[in-house]
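Read through the structure below, which is laid out as structure tokens, and then see the notes.
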Amino acid sequence: LEDKFDTVVNLANGGKGNDRIVRTTLDYCNNNDMTDYVAIIQWSSPFRTEYWNPEDNEWINVVVNNGIQGNWTLDISSNPNTARTQLQTLSYDNEMKWLNSFNDYNIAYYNNVLVLQNFFEDKQIPYMFTSMSNLEHPFMERNIYDTLPSTPEIKLKKLIDKSKWAEVSLSEYADNNPISQEDQHPNLKGNKLIAQALYKELMEKYGR
């Protein structure tokens, strides 16, 4: 998108979750002049969260994955004896203790979406939401592991402004864009093509 705007501020960080998106976006918007700016939010997986580590004065990313057999696992790659990994383990235990379901994570996700939706509307900041895959796109066919929506999910989803979302999730663009040989993420050329599609939708919404 740097080819389309005079100034682009990228707050994104690969592999991080929606709690971080809300935290960093609110922090930036509340501490900077947002005149003539538009916000584009690509929502992340609902199963990524973060916890504060006071010892290292930093946020720790925790990813809870659901295996094909329904077993929950924790993404930890660091030394198990470090304070960081101990905190990750404690955070994971907290997740498991409450036996969070897909519905619980969806509710937390919709809450995050509505926080930024209401914030942008209140501050009159133009914005557009997109997402990684159909699992995070509220108005598309959901993942096969998705459960039937609960009543809280249905009520929250009704509050989401569909007109402020990209038409499809980013994974829908992947079939028509180059994919890297290392994984299933778009390569640089693919990302530029996706950015062009998002820019086109952004102009259709705001015309400037």
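Quick note: the coordinates plus some simple rules give every number you see, no bench work behind them. Remember, predicted model here, so these are calculated numbers, not experimental data. As a convention, Cβ positions derive from the backbone with ideal geometry for all residues, glycine included, and neighbour counts pool all protein chains shown.
The table that follows gives values for the structure above.
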item: Cleavage-rule hits (GluC sites (Glu not before Pro)) in region 14-60: DSSP loop, at most 11 neighbouring Cβ within 10 angstrom; result: 55
item: Nonlocal amide H pairs with residue 187, under 5 Å, H built at 1.01 Å; result: 179, 180
item: Amide H within-cut-off set for residue 127, under 5 Å, with H built and near neighbours excluded; result: 39
item: Pairwise label distance in nanometres, residue 36 with residue 193, each label 7 Å out on the Cα-Cβ vector; result: 3.4 nm
item: J(HN,Hα) series, region 188-200, from Karplus relation 6.51 cos²θ - 1.76 cosθ + 1.60, nearest Hz, glycine and proline x; result: 4, 5, x, 4, 5, 5, 5, 4, 4, 5, 5, 4, 4
item: R0 of 35 Å, Cβ-Cβ distance residue 1-residue 23: FRET efficiency to nearest 0.05; result: 0.95
item: Virtual paramagnetic centre 7 Å along Cα→Cβ of residue 206, amide N under 13 Å, in region 1-36; result: 4-9, 34-36
item: Amide proton proximity set for residue 42, modelled H, under 5 Å, gap of 5+; result: 130
item: For region 160-170, 3J(HN,Hα) per residue [Karplus equation, 6.51 cos²θ - 1.76 cosθ + 1.60, θ = phi - 60°, Hz, x = Gly/Pro]; result: 7, 7, 4, 5, 9, 9, 4, 4, 9, 6, 5
